[in-house]
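Each value in this text was obtained by applying a stated rule to the coordinates, not by laboratory testing. Every value quoted in this text rests on a predicted model; they were computed, and no experiment measured them. Here the Cβ positions follow ideal geometry from the backbone for every residue, glycine too, while neighbour counts run over all protein chains shown.
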Amino acid sequence: MDYAIVAFIIIILLAVVLVVRHQRSLKLRSHLMREAIRNHDFTFRLPTKGLLPGERAMQETLNQLGDTIHQQVSQNEVESWERLTRVLTHEIMNATAPISSISQSLLNRGDVKGTPLEDGIRAIYTTSRHLNAFVDSYRKLSQLQPPVMDSVYLADHIKDITLLYPEIDWDCSIAADTIVAADPNMLRQILINLVNNAVEAGARRICINTESNNQGQVILYVSNDGAPIPAEAISSIFVPFFTTKRTGNGIGLSLSRRMMIQQGGSLNLENVPQCGYHTTFSIILSCI
C-alpha cells in the first residue's frame, strides 16, 4: 500500500512538473508573438510540435493570421507609396517642364550662344532633363497594368531565366509538375529583378527552391551568396526611391512587391537566409 501511495505521489508530481513546463512554453510563445507584433514583424512562425490538438489548431491559426496581417500591411504600404509617388511626380513634372522649355529656348538664342551665360543655362537645362527622366521612371509605380493571370509551370519558367545568366552557379530544386497562378511576364520581371540585384551584390551562386504551406500556396525561395543587405537598410529595401547602390533608382524591389500584391501574392525578405547563402527572398504564389 505504501508503494502504491508513493507511486501515486510521484505520478502527481511528474504531472505537475509537465503542466508547469507546458504553461511556461505557452507563456514563452505568447511573449515571442507579442514582441514580434510590437516590432511590426508579422512573419513569425511558431512551431506546433508538443502542443495539444486545440493548442495546435490555435497556433496554426495565429501563424496564418500573421501571414494575412503581413500581406495587408504590405498592400497598404504599397498603396500609400503609390499615392505619394503620384502626387510627387505630378508636382515635380509641373515645376520642371517650364524650366526645361525656357532654358532650351534660351540656348537657341543668338545672343546667348558663345557667351558666359550659355554654360549656366545649359547646366539648368541638363539638370531639368535628368530630373524629368528620374521622375518619369517612378510613374511605373502608378501605371502598372492589371495582371493577366495564367497557369505557369514554375520549373520551366525559372529554367528560361537561368539561361540568361550562364555565369551564375544555379541550384534549382522545383518539381516539374509545380503549377502556379501568376502573370508570366510580371513573375519573370520580378525574378529578373532579384537576380540582377544579387549579381550586383557580387553573387556567384543562386538557389531557387519551393515549399507548400497549408493555405494552398507555393512559397518560392530565391537565395544568393552576394554581399548581405546592411542591417540598417533592411527595413527600407521595399521603399520607393531607396537604394544602397551608387547607381540605380531604387524602384526594382518596390515595383516587384507591388506586382506580387496585384497577383494576390507577396514578396518578402526572409529574416534568416537559407543555409549557405547570405540573402533569401520569398515569393508567395497561389498553387493550381
- Message: Cut-off 16 Å, label point 7 angstrom out along Cα-to-Cβ of Gln215: give me the residues of region 170-197 whose amide nitrogen falls inside.
- Response: 181
- Item | Simple label model, 7 Å out from Cα along Cβ direction - Ile192 to Gln274, nm | 2.3 nm
- Kyte-Doolittle mean at least 0.0, axial Cα span of 30 Å or more - DSSP H helices of the chain: 2-38
- Additional length obtainable on full extension of the chain from Phe8 to Arg122, 0.36 nm per residue less Cα span: 31.6 nm
- Where only C-alpha atoms are counted, convex hull volume of region 83-232 per residue in Å³: 208 Å³
- Message: Of the listed values (1) 119, 40, 33; (2) 70, 41, 34; (3) 62, 38, 38, identify the label whose number matches Cα extents along the principal axes in Å calculated from this model.
- Response: (1)
- Message: With n ≥ 4 as the cut-off for DSSP H runs, can you work out [θ] at 222 nm for the chain, using -39500 (n - 2.57) per run divided by the number of residues, rounded to the nearest 500?
- Response: -18500 deg cm²/dmol
- Task: State, to one decimal in nm, how far the label point of Arg34 lies from the label point of Glu167, with both points 7 Å from Cα in the Cβ direction.
- Result: 5.2 nm
- Based on the alpha-carbon gyration tensor of region 149-288 and its eigenvalue square roots a ≥ b ≥ c, which shape applies: rounded if a/c is under 1.5, prolate if not and a/b is larger than b/c, or oblate? prolate
- About the Cα centre, charge dipole magnitude for the chain (Lys/Arg +1, Asp/Glu -1 at Cβ), debye: 580 debye
- Plugging the Cβ-Cβ distance of Leu18 and Ala175 into 1/(1 + (r/R0)^6) at R0 = 45 Å yields, to the nearest 0.05, a FRET efficiency of 0.65
- Query: In terms of Cα to Cα distance under 17 Å, which aspartates and glutamates are near enough to Lys27, apart from those fewer than 8 places away along the same chain?
  - Reply: Glu35, Glu55, Glu60
- Message: Just want the answer: with Cβ charges of +1 for Lys and Arg and -1 for Asp and Glu, which residue in Asn268, Tyr165, Asn209 is farthest toward the dipole's positive end in region 150-274?
- Response: Asn268
